[in-house]
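Have a look at the structure below before the remarks.
The values are calculated or read from the model by the stated rules, or taken from the named source; none is laboratory data. What you see is a predicted model; the values in this text were computed from it and never measured. Please note: Cβ atoms are built from the backbone with ideal geometry, for glycine as well, and neighbour counts cover all protein chains shown.
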Amino acid sequence: MASEMVLVWWHALCLVQRKRTFLFLGFLRSLTSGATSANLAERWAAPVEQGEFNALRVGGRLLAVALLVSLIAPRRAFAYIDPLSGSIVLQVLAAAILAASLTLRKLRTWMGRTVRELFSRFRQ
Amino acid sequence: MDGKDRARALFALQAVSFRPAEASFRDPSGFLFFRDGVLYRQINWSYRRHHERLLESGLYDALVGDGLLISHRDAAADLALTAEAYRVIRPEPVGFVSYPYEWCFSQLRDAALTTLRIQRQALAHGMILKDASAYNIQYDEGRPVHIDTLSFEEYQKDTPWVAYRQFCEHFLGPLLLMSQVDIHLGRLLATYLDGVPLALASRLLPRRTWLRFSRLLHIHLHAWLVKRYGRRSIRGSHLDRSVSRRSLDGLVGSLETAVDGLDWRPTGTHWADYPSEHGYSDEALAEKKRLTERMLGRIEPKVVWDLGSNVGVYSRLAASMGAKVIAIDSDPAATELNYREVKRRDERSILPLLVDLRNPSPGLGWAGRERSSLESRGPAQVVLALALVHHLAIGGNVPLPRIADWLARVARHLIIEFVPKADPQTQRLLTSRQDVFAKYTQPEFEREFERRFRVVATEPITGTQRTLYWMTTRECERDA
């Protein structure tokens, strides 16, 4: 478990620093240590002791942070106008919130419509 | 004519018949140019794929059908100016070119919403706006319309909107400043032609704007991140996915909500309340309208500039006679009320603009020619200058000869009202100051204007001490 934790840390660090070389080295190390995605899933699915549970929780948080930070590095930004990196970063950071708000808005509209339809049927 | 002269003459001929448009040089996809006075757009090979997609996806037809994009016709390819040309098109010309710093609050807001509607439609057709400049919007037939056919490109999956910052700097920031700080801050757009910098907008906006999510996100947080990241490169980073299509829809929706929620109440200024307190009796007002209508009827103008239009009473009179009217006023509230009336009545012939005639829009941008001065967009066939001269001469300390000079440059026919010093409105201008305007008299006015114009008709306005003149310039007479 500790070796996976180190790997998670390593990946998080690499993503934060955005050093692809180190990321690649980290990936190689994960291969050599046998911590592939398949056996990681197997271990995570197995019964967990209290000590391991805490480690997993911290690891999960770190992974979430790493994923969030990794989102701050989009791939394409081409235009004849300069979008400025900060503007791209904002879109990436806000992407989840904006998508969620759109979903919520649509859900609210759908629920309102459904409730109205139900009431109209009930009245009939 | 020797060989040198012939070459010189040929060069002069070419210079006249081919002229790139001064504002069309930033985008390498193509440019506008004039040939024999007709406006064309050259589209370069580098843009071919996007242009074909625009036409084939149905986006062009949808946008033109909704009146959101200017239509164009294909033109002969041999009209192209350079070898990079893929094709040449002939866009429908816009009646009068105006700029965002000449628009009132609602005009800028409607232009912003139009841009977002276009972006939404573009995304639905697998394309995206690659720029969101306020200068891509023009008011044609009373409505905002996008004029740049080259602003669309194929949407690449999961890419962010590169024009997001430009939209915020051209539209959202200025609109927020106008509605939350001071309406006159719209003039910042004349200083910052590339849009009001986010950092400046963020600093000027009141703290309460931090409490609204959309304002916090699109302005304050945006400004902070732009400053933090600067021009640091983020290209070629390791992730394939960054901003999903759903997030982009959410971004456009959030911007629409932010813009749509902005408002400004045009009250409290002197000019907004002017019609109810201008001092005319009903009879005198009717007489002035009748005289103006008679003069306009004899000219039968196609284009009228109504200078000092206020809320557009005389603009509507001219429009009812078939003229396209540019209604110019320096008061944001009066222009706003005029524009709202144009929208309410769905008037296609009146374009209200916010311009201070004591400081009319100069040539701006690159080499001072990218954005035309007000004067260079003239001359107008008819200029209405009703109840204006006393404001320029006494309110603005501009001597009568200079006023006559400028009007002679922008008008072919001039319908002008002289308001004498004894008039209550002129007296109001003099209440708090010393009268240093010894030369502001009717004989002096007539002498100075007769040096530049021929007076066709002089009509005293019954019930007032004012006089209405119809004048024509010497050039106009020569042409006739």
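Points worth noting:
- For region B:50-109, filtering for residues that are aromatic (Phe, Trp, Tyr) and at pLDDT below 95 leaves 1.
- Residue check for B:Ser330: modelled with pLDDT of 95 or more and over 25 Å from B:Arg474 (Cα atoms): yes
- For region B:67-88, the candidate set comprises residues that are free of Cβ contacts under 8 Å to residues at least 40 places away in the same chain and in a strand (DSSP E or B); within that set, the residue that is nearest to the chain's Cα centre (by Cα) is B:Arg73.
- In region B:89-198, counting only strands (runs of 3 or more DSSP E) that sit wholly within it, the ones holding 3 or more residues that are within 25 Å of B:Leu354 (Cα to Cα) and touching a residue at least 12 places away in the same chain (Cβ under 8 Å) span B:137-140, B:143-146.
- Residue pairs whose Cβ atoms lie under 7 Å apart, sitting 6 or more positions apart in sequence or on different chains, and linking a residue in region B:343-361 that is in contact (Cβ under 8 Å) with a residue 40 or more places away in the chain to a partner that is part of a loop (DSSP other than H, G, I, E, B) and of a type in the set (Phe, Trp, Tyr), are B:Leu351/B:Phe96; B:Leu354/B:Trp103; B:Ser361/B:Tyr99.
- Those residues of region B:43-65 which are touching a Lys or Arg at 6+ places or on another chain (Cβ under 8 Å) and either exposed (fewer than 13 other Cβ atoms within 10 Å of the Cβ) or not in a helix (DSSP H, G or I) (or both), in sequence order: B:Ile43
- Checking each residue in region A:83-124 for being among the hydroxyl-bearing types (Ser, Thr, Tyr) and more than 8 Å from chain B (Cβ to nearest Cβ) picks out A:Thr109, A:Thr114, A:Ser120.
- Matching option when the condition is assigned to a helix (DSSP H, G or I), at pLDDT 95 or above and closer than 24 Å to B:Leu123 by Cα, among B:Ala201, B:Ala258: B:Ala258
- If you go through region B:201-230 and keep only what is surrounded by fewer than 16 Cβ atoms within 10 Å (Cβ to Cβ) and closer than 30 Å to B:Asn359 by Cα, you end up with B:Arg203, B:Pro206.
- When residues of region B:1-46 are limited to those that are among the aliphatic types (A, V, I, L, M) and over 17 Å from B:Leu79 (Cα atoms), the one modelled with the highest pLDDT: B:Ala23
- Residues satisfying the stated conditions in region B:357-372, i.e. within 27 Å of B:Arg316 (Cβ to Cβ) and surrounded by 14 or more Cβ atoms within 10 Å (Cβ to Cβ): B:Leu357, B:Pro360, B:Ser361, B:Ser372
- The residue of region B:234-250 that is modelled with the lowest pLDDT, among those that are within 21 Å of B:Gln119 (Cβ to Cβ) and at the interface with chain A (Cβ under 7 Å from one of its Cβ atoms), is B:Ser242.
- B:Asp405 vs. criteria outside any helix (DSSP H, G or I) and either at pLDDT 95 or above or not hydrophobic (A, V, I, L, M, F, W, C) (or both): no
- Remark: pairs (first residue in region B:308-331, aromatic (Phe, Trp, Tyr); second residue part of a loop (DSSP other than H, G, I, E, B); Cβ separation under 6 Å; 6+ apart in sequence or on different chains) = B:Tyr314/B:Leu386.
- Taking the criterion of being surrounded by 18 or more Cβ atoms within 10 Å (Cβ to Cβ) and within 21 Å of the chain's Cα centre (by Cα), the residues of region B:24-38 that qualify are B:Phe31, B:Leu32, B:Phe33.
- Long-range neighbours under 6 Å by Cβ, at least six apart or interchain, first residue more than 23 Å from B:Thr473 (Cβ to Cβ) within region B:434-454, second in a helix (DSSP H, G or I) and of a type in the set (Val, Ile, Thr): B:Phe437/B:Ile394
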